[in-house]
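The values are calculated or read from the model by the stated rules, or taken from the named source; none is laboratory data. Predicted model only: the values in this text are computed from it and were never measured. Here the Cβ positions follow ideal geometry from the backbone for every residue, glycine too, while neighbour counts run over all protein chains shown. Please note that ligands, DNA and RNA were not included when accessible areas were found on the heavy atoms of the full protein model with its side chains. Shrake-Rupley method; radii C 1.70, N 1.55, O 1.52, S 1.80 Å.
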Amino acid sequence: MTVQIGEIQIGGPRFTVIAGPCSIESENQFLSTANAVKDSGASILRGGIWKMRTSQKSFQGLGSDSFEFIQKIKAQVGLPLISEVTDIRQIEEVSHLVDAFQVGARNMHNYALLKELGSQPKPVLLKRSFSAFIDEWLKAADYVLAGAKAQVILCERGIRTFETATRNTLDLNAVVYAKKHTGLPVIVDPSHAVGIADLVPQLCYASAAAGADGLIVEVHPNPVEALSDADQALNFETFDKMMKQLEKVLNAF
Ligand code: PEP
Ligand code: MN
């Protein structure tokens, strides 16, 4: 089954790269990132409007203050946007702005949110919770899919294991398992899986080789200054190099 975001088909023959900042921080930051990732070959933008942060004291996203400039940038750059909603009320609020809704790892078990997203026609990118069994993740997808108009893309973003050297552990088992046992497109988020920018490109290649349908990658104009997930964001140059190398990996399969 393929899922369409804007003009882009996910789950078909073409590999899809979604890229952008963890959080949308300012007009300049989002515009420059959107242009850079588009030039390097990304076909969908990402960017957090409301952020689910572990600490309430951390940056929580610009929220509705960013709507106007996001609209402008989307029109200018011409790529679709995927962004996370953390509350049922936000679905309506951003439906004019986003082309697909992201459900974050922390909300994978938020069944009220999943059901509501299943009742509207825009695609839903469902991240796996860092502590969910594959079975729980697929059953969470069923909550969305029970809705009449629902479309789901699964996203593996790393799980908690005994290992602490990396932020999480990328579970490629889950990717190949979900590809085999569901008809849904499956993509990988290597940024949250490993949490260390230098290690992200290799996991992009591994995901492509494992048969994922695409990637969602965090990119920032100046990662050290990022207001969220600074350690894992690629700068423009590294993202561009990764995309060139990725093409070679995809051609080999
Ligand atoms: C994100 O994509 O920025 C994010 C918060 O991801 P996750 O829900 O996977 O932690
Ligand atoms: Mn992030």
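Just one of the numbered conditions (1) touching a helix residue (DSSP H, G or I) at 6+ places or on another chain (Cβ under 6 Å); (2) within 21 Å of F236 (Cβ to Cβ); (3) of a type in the set (A, V, I, L, M, F, W, C); (4) open to solvent by less than 10 Å² (accessible area, probe 1.4 Å) is not true of I216: (1).
Selection of region 227-241 for residues being assigned to a helix (DSSP H, G or I) and surrounded by fewer than 23 Cβ atoms within 10 Å (Cβ to Cβ) yields A230, D231, F236, E237, T238, D240, K241.
For K74, the conditions (1) open to solvent by 20 Å² or more (accessible area, probe 1.4 Å); (2) within 16 Å of ligand 2 (Cβ to nearest atom) all hold with the exception of (2). Within region 1-22, residues that are of a type in the set (D, E) sit with their Cβ atoms under 8 Å from residues that are assigned to a loop (DSSP other than H, G, I, E, B), at 6+ positions apart or across chains, in these pairs: E7/P80.
Against the test of being open to solvent by less than 20 Å² (accessible area, probe 1.4 Å), over 28 Å from M52 (Cα atoms) and in contact with a Phe, Trp or Tyr (Cβ under 7 Å, 6 or more places away or on another chain), the options L246, L250 yield a single qualifying residue, L246.
For region 151-175, the tally of residues that are more than 18 Å from the chain's Cα centre (by Cα) and within 19 Å of V3 (Cα to Cα) stands at 0.
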